[in-house]
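These notes are about the structure you will find just below.
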Amino acid sequence: MSDLRDLAGRPVIIGGGVAGLMTALELAPEPVVLLSAAPLGSGASSALAQGGLAASVGLDDSPARHVADTLAAGDGLCDEAVVKRIVEAAPEAIEKLERLGVVFDRTPGGRLHLGLEAAHGRRRIVHAAGAATGSELMRALMAAVRVTPSITIVEGFEARRLVVEDGAIAGVLAEGRTEHVTLATASVVLATGGVGELFQDTTNPLGCFGQGLALAARAGAELADLEFVQFHPTALDGAQRPMPLISEAVRGEGAVLIDEAGRRFLADLPGAELATRDAVARGVFRHLARGHRVFIDARQCIGQAFASRFPAIEAFCREAGIDPEIQPIPVRPAAHYHMGGVAVDAEGRSSVFGLWACGEVASTGLHGANRLASNSLTEAVVTASWAAKSVGGATAGSRKIPAETTMPARSDPTLARNIVSHAMGILRDGDGLRNAAAAFRPLAAGSSAAADPAVVGLMMVVSALHRKESRGAHCRTDFPLRDVVARRSKVTLGSILETAAELDATPLARSA
């Protein structure tokens, strides 16, 4: 195993999406390493993001209104102080992105064009290129990163383990196509995205199976709220993976959900098509389970303006043989965003000294039990700045890495995907979760390619099993009511393994 000696001691940022790129830019001119498993611009969920950035910049809006909508969507589990801090920083984040070269959509009068999405009381969604905001953000941020001399980009290397010595980060073990490397560092920032690849139906790109969670968990970090997975209710119903997303902005412009008979089956749901995502996803899921098909119908509200308003969506619809101007678009729910993640403080620090996290891999307390639409890109940009300041203020350098370090096998989430998809879907129950935990335990304890995905899956299903209520995106058919007292869940890999061992001794688990 070789060392990249010239990079020793620099902070290492793992992940090449918006959160990782922004953290690297915020750390400039401090020398940093940006480690990306895929070439920049591919493999990150950020590039696929169609929703925009939520920010209270409209004349009829205010941070207080944005806070209220976020807290309502989070169903009692948001950290209100964190919500206020991020929401109040959002308008400045938009300005910062524009200075970095992001071109946002504007009205003929020159003001930001603001969209409406589910559970927002005002138009506050700042978009770029219609429904291609993530792509535009990535274009501008990648360009800025590539011309910043202090940022060393290491592409094609996947982080496999964090080296921890005496309770602190000492380095990163990574593997490329032809070689293993050791990056000696005392500071690591995880910006690795979500867990969508653990589900059969997902909008996330391949590779997003929770690798950052496995890295953090094996390093001893505390994780929070892993049971909360948001399913987007309107992914294009087809064979393509990741599933193209029919942005919530389409419904924000008046599109409705209908079935094969043309019936608007969610008309009686409070908020109808613009109710919270968990409510709409469950409504669509149940209608599909009854044998119906579900479509987004934009013919009346958008019609011939669809191509100009949503060019990216129009393009992939036509690739699938659908003309959204004159045809309804077939949709179904898909795993989209993970509200849980590495538990971090107000500066992005984890419970392990020298380890930070930001973006989807982190659990800041902003999203609670159900993310408010378009708060995630805003969170990534804002918290990247906080994490960078904290990393920049920490003691730089590296620690000695043990001579004998074993590189784990390259991960394959196939086995975990089958288990997670059945146990951790839109509707869950105790029997399914216990059986999943029993199936995951030997995989997680092993050293095969299934081990890291199984670790993530095990932590998720045990967290879901412990939450004996239905709240936000977590819906238990055997515990359909919401507890009076809201509580966040905090776990470590050690505590999860102990619980899994106890579950494995139960008759139900032994017979699974």
Fill in the blank from the handout: In the set 73, 55, 89, 93, the lone residue that is in contact with a Pro (Cβ under 8 Å, 6 or more places away or on another chain) and touching a residue at least 12 places away in the same chain (Cβ under 8 Å) is 55
Exercise for the section: Quick one: which residue in 467, 441 is basic (Lys, Arg), touching a residue at least 60 places away in the same chain (Cβ under 8 Å) and within 26 Å of residue 275 (Cα to Cα)? Expected result: 467
Practice task
Would you please name the residue that is surrounded by the fewest Cβ atoms within 10 Å (Cβ to Cβ), looking only at residues in the range 187-207 that are part of a loop (DSSP other than H, G, I, E, B) and under 12 Å from the mean Cα position of the chain (by Cα)?
Solution key: 205
Exercise for the section: Tell me which residues, restricted to the range 287-319, are among the basic types (Lys, Arg) and not in a loop (DSSP other than H, G, I, E, B). Expected result: 309, 318
Problem - Some residue of the range 291-298 being touching a Phe, Trp or Tyr at 6+ places or on another chain (Cβ under 9 Å), assigned by TED's automatic domain parsing to the domain that holds residue 122 and among the small types (Gly, Ala, Ser) - result: no
Fill in the blank from the handout: The one condition residue 284 fails out of (1) touching a helix residue (DSSP H, G or I) at 6+ places or on another chain (Cβ under 9 Å); (2) in a helix (DSSP H, G or I) is (1)
Practice task
Only residues that are at pLDDT 95 or above, assigned to a loop (DSSP other than H, G, I, E, B) and surrounded by fewer than 24 Cβ atoms within 10 Å (Cβ to Cβ): list them for the range 1-29, please.
Solution key: 28, 29
Exercise for the section: Quick one: in the range 493-512, of everything that is surrounded by 14 or more Cβ atoms within 10 Å (Cβ to Cβ) and modelled with pLDDT under 70, which residue is farthest from residue 342 (Cα to Cα)? Expected result: 512
Exercise for the section: Go over the candidates 319, 260, 360, 347 one by one and state the one that is of a type in the set (Asp, Glu) and surrounded by 24 or more Cβ atoms within 10 Å (Cβ to Cβ). Expected result: 360
Exercise for the section: Assess whether residue 122 counts as being farther than 30 Å from residue 452 by Cβ and either at pLDDT below 95 or charged (D, E, K, R) (or both). Expected result: yes
Exercise for the section: Please specify each residue of the range 244-276 satisfying the condition of being under 17 Å from residue 314 (Cα atoms) and assigned to a loop (DSSP other than H, G, I, E, B). Expected result: 244, 246, 247, 253, 254, 255
Practice task
Check whether at least one residue in the range 208-218 is out of contact with any helix residue (DSSP H, G or I) (no Cβ under 6 Å at 6 or more places or on another chain) and in a loop (DSSP other than H, G, I, E, B), and report yes or no.
Solution key: no
Handout entry: residue 82 in a helix (DSSP H, G or I) and under 19 Å from the mean Cα position of the chain (by Cα)
Key = yes
Completion exercise
Listed by range, strands (runs of 3 or more DSSP E) wholly within the range 96-186 having at least 2 residues that are in contact (Cβ under 8 Å) with a residue 24 or more places away in the chain, buried (at least 18 other Cβ atoms within 10 Å of the Cβ) and of a type in the set (Gly, Ala, Ser) are 168-175
Practice task
Please go through the range 12-22 and pick out each residue that is among the β-branched types (Val, Ile, Thr) and under 16 Å from residue 101 (Cα atoms).
Solution key: 18
Handout entry: Residue among 369, 373 that is at pLDDT below 95, among the small types (Gly, Ala, Ser) and outside the structural domain of residue 283 (by TED's automatic domain parsing)
Key = 373
Practice task
For residue 225, indicate whether it is at negative phi, acidic (Asp, Glu) and outside the structural domain of residue 426 (by TED's automatic domain parsing).
Solution key: no
Completion exercise
Selection from the range 344-382 of residues under 14 Å from the mean Cα position of the chain (by Cα) and either among the polar types (S, T, N, Q) or in a strand (DSSP E or B) (or both) yields 357, 362, 363, 364, 370, 374, 375, 376, 378
Fill in the blank from the handout: Residue hits (the range 119-148; of a type in the set (D, E, K, R) and out of contact with any strand residue (DSSP E or B) (no Cβ under 6 Å at 6 or more places or on another chain)) are 122, 136, 139, 146
Problem - Residue satisfying all of: in the range 37-70; modelled with pLDDT under 95 and outside any loop (DSSP other than H, G, I, E, B); surrounded by the most Cβ atoms within 10 Å (Cβ to Cβ) among these - result: 46
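The values are calculated or read from the model by the stated rules, or taken from the named source; none is laboratory data. None of the values given here were measured: they were computed from a predicted structure. Ideal geometry is used to build each Cβ from the backbone, glycine not excepted, and the neighbour counts take in all protein chains shown.
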